[in-house]
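The values are calculated or read from the model by the stated rules, or taken from the named source; none is laboratory data. In this text, all values refer to a predicted model and were calculated from it rather than measured experimentally. With ideal geometry, Cβ positions are generated from the backbone for all residues, glycine too; neighbour counts draw on all protein chains shown.
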Amino acid sequence: MTVIDLSAIILYDDQHRVLLQHRTDDAPTFPGYWSFFGGSVEPGETFEEAAIREAYEELSYTLRAPLHWLSQPFGYEGQPYKQHVFVEKYDGAALSLGEGQGMDWYEPSETGALMMSAHARTAVKALDRWLAWRLGRGRTKGD
């Protein structure tokens, strides 16, 4: 079976929070779950181009310099996928929900009670560690 490539974006802010989308209850995959904004990579598109397009379609947000942070395989109902996750610091521009039933900012430690896929939860935990390092949290003098 052919692997379907997806690109996703995680925006983060100065408070170490990440923006998550609450998927609709009729979404074709993971209905009602909390996840990242993104979708399928179209023919001829790079993973980064897909992330930029999806961020604009789903949030009316223009990414400036998305960083390809990780790629991870997962499956849903027997279909293999590979999700290419990009991150970018949120610049404060207005956001407009274009897909899903909601969105909200969460500190990674607050996501435990949310209904999330295993691969999204793993990515959020890893991102928490990465942001702590990147934003200088938990670092000691001389690191």
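Here are a few things to note about the model shown:
- Some residue of region 79-98 being of a type in the set (Asp, Glu), out of contact with any Cys (no Cβ under 7 Å at 6 or more places or on another chain), modelled with pLDDT of 95 or more and under 20 Å from ARG129 (Cβ atoms): yes
- Some residue of region 27-34 being of a type in the set (Gly, Ala, Ser) and under 12 Å from LEU11 (Cα atoms): no
- Taken together, the residues in region 98-107 that are under 16 Å from TYR12 (Cα atoms), part of a strand (DSSP E or B) and of a type outside the set (Ser, Thr, Tyr) amount to 3.
Each row is one residue, and each column tells you yes or no for (1) exposed (fewer than 15 other Cβ atoms within 10 Å of the Cβ); (2) under 14 Å from the mean Cα position of the chain (by Cα); (3) under 11 Å from LEU11 (Cα atoms).
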position: GLN83; (1), (2), (3): no, yes, no
position: PHE86; (1), (2), (3): no, yes, yes
position: GLY92; (1), (2), (3): yes, no, yes
position: SER96; (1), (2), (3): yes, no, no
position: SER109; (1), (2), (3): yes, no, no
position: ALA118; (1), (2), (3): yes, yes, no
position: ARG121; (1), (2), (3): no, yes, no
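- Scope region 40-62; condition at positive phi and in contact (Cβ under 8 Å) with a residue 24 or more places away in the chain; matching residues: SER60
- Residue among GLU57, GLU77, GLU48 that is surrounded by fewer than 13 Cβ atoms within 10 Å (Cβ to Cβ) and not hydrophobic (A, V, I, L, M, F, W, C): GLU77
- Index of the failed condition, THR29 passing every other in (1) more than 21 Å from LYS125 (Cα to Cα); (2) surrounded by 12 or more Cβ atoms within 10 Å (Cβ to Cβ); (3) modelled with pLDDT of 95 or more: (3)
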